Protein chains: 2
Amino acid sequence: MSKLVVRSFSVSLDGFGAGPGQSLENPLGAGGPEMFGWFFPTRTFKETLKQPGEGETGVDDDFAREGFANIGAWILGRNMFGPVRGPWPDESWKGWWGEEPPYHCPVFVLTHHARRPLAMKGGTEFRFVTGGIREALEQAQAAAGGKDVRVGGGAATIRQYLAERLLDELHLVLSPVFLGQGEPLFQGLDLRALGYACEKHVPGKRAVSHLLLRRK
Amino acid sequence: MSKLVVRSFSVSLDGFGAGPGQSLENPLGAGGPEMFGWFFPTRTFKETLKQPGEGETGVDDDFAREGFANIGAWILGRNMFGPVRGPWPDESWKGWWGEEPPYHCPVFVLTHHARRPLAMKGGTEFRFVTGGIREALEQAQAAAGGKDVRVGGGAATIRQYLAERLLDELHLVLSPVFLGQGEPLFQGLDLRALGYACEKHVPGKRAVSHLLLRRK
């Protein structure tokens, strides 16, 4: 059955999913890239983002690769798609990823402002959803053809799906950094009351912990 | 040089140092004991708290044992000492630990209500400090004879020492549980701005992570 999942989402020790001050130059916020020290060296990152070098294999790469397996559609919060806020001034912003984004399937972007679908190279199509997280989920599941739907983030979007118990599984990567400020992932959410528990815990390289959370 | 340290302090995945609803029956709050799944089986716990059984050795026991090494005095928040709130009705409450507490040195208890020192078996003496965290620290360091001073908790007490950058090192044990509610350890504290960083990360048994934080 098609699941709604989060995969490879990095969290700081103090519970932030992104640093403060996201911008065009700093899409992960201040300090944010430090949380991806486990991901950038992996072979999966290098292949998926077409970066130079072979990349490392091993436990972190296994998790990163698993994160792209059996995914038929993605859901992104608008800030994951880009730094533009408010009404779209035009259609020139096409995401952070260049002409060929790493998704290769339909990607549903949550926004308050309608926009025409945007087909990119390699099979990624950005579709803009103005009706909220349940509408995005319905559309994504219909488009996923029985595969899973991955919520890419950011933290605010994941929180919305958690609060409504819509997520089946989350693979989080707890990174040994403090951001101090930013976008909290858990704060004010009672994960225990919502029925989520940590089912698996695998130490990675570079002092990260891979956590698998599942809804009971 | 004498350091001010936290050792073996358990934290949940959602950042709580104790569960909600602490009471005489439930000194760690609802769900709190789940965070000590790494500690209860250790040889150090069994020896220190005089529990039956030999107890396990290994990485968790190493950390637990290290937590008692070279400690010349302790500081506890009042709730760590007992469930009594407000003025002391009498001197009958003598801590959670029975006649011979596991400290074997002076223990400074933060309280708003004066009380005479309380000498226990085995060298533990509870001394009650009404002048706040800096006064407790001064008295504890004077009593420690050059050894380190350990802040035993709870979360609110550790937060006060963190906010004033008085702690030199913290050994935290991140446990794979969600408490959902309780006493937050980091929330609203900017550890990054305060100059704390995670220096070491050691996977333990039972899916915990031992973190060593140090002030820069």
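The values are calculated or read from the model by the stated rules, or taken from the named source; none is laboratory data. Computed from a prediction, not measured in an experiment: that's the story for all the values here. With ideal geometry, Cβ positions are generated from the backbone for all residues, glycine too; neighbour counts draw on all protein chains shown. All accessible areas refer to the heavy atoms of the entire protein, side chains included, with ligands and DNA or RNA removed. Shrake-Rupley method; radii C 1.70, N 1.55, O 1.52, S 1.80 Å.
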(message) Just to verify a result, which residue in the range B:6-54, among those that are free of Cβ contacts under 8 Å to residues at least 40 places away in the same chain, crowded, with 17+ Cβ neighbours inside 10 Å and of a type in the set (D, E, K, R), is farthest from residue B:204 (Cα to Cα)?
(response) B:46
(request) May I ask you to list the residues in the range B:1-35 that are among the acidic types (Asp, Glu) and farther than 20 Å from residue B:97 by Cβ? (result) B:14, B:34
(request) Please work out which one of (1) surrounded by fewer than 16 Cβ atoms within 10 Å (Cβ to Cβ); (2) under 17 Å from residue B:36 (Cβ atoms); (3) modelled with pLDDT of 95 or more is the condition residue B:165 fails and give its number. (result) (2)
(request) Taking residue A:70 as meeting all but one of (1) within 19 Å of residue A:7 (Cα to Cα); (2) open to solvent by less than 40 Å² (accessible area, probe 1.4 Å), write down the number of the exception. (result) (2)
(message) Can you tell me which residue is surrounded by the fewest Cβ atoms within 10 Å (Cβ to Cβ) among those in the range B:168-202 that are within 7 Å of chain A (Cβ to nearest Cβ) and free of Cβ contacts under 8 Å to residues at least 24 places away in the same chain?
(response) B:193
(request) Test residue A:84 against the stated conditions and say whether it is surrounded by 16 or more Cβ atoms within 10 Å (Cβ to Cβ), of a type outside the set (Ser, Thr, Tyr) and within 20 Å of residue A:214 (Cα to Cα). (result) no
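For the range B:53-95, enumerate the residues that are among the polar types (S, T, N, Q) and part of a loop (DSSP other than H, G, I, E, B).
Initial filter on the range B:53-95 (among the polar types (S, T, N, Q)): B:57, B:70, B:79, B:92.
Across the range B:53-95, the qualifying residues are B:57, B:70, B:92.
Can you confirm whether the range B:160-181 contains a residue that is farther than 26 Å from residue B:131 by Cβ and of a type in the set (Gly, Ala, Ser)?
Taking the range B:160-181 first, the residues farther than 26 Å from residue B:131 by Cβ are B:171-181.
Applying the additional criterion that residues be of a type in the set (Gly, Ala, Ser) yields B:175, B:180.
Yes, that holds for at least one residue.
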(request) Just give me the residues in the range A:131-158 being over 27 Å from residue A:42 (Cα atoms) and of a type in the set (D, E, K, R), in sequence order. (result) A:134, A:135, A:138
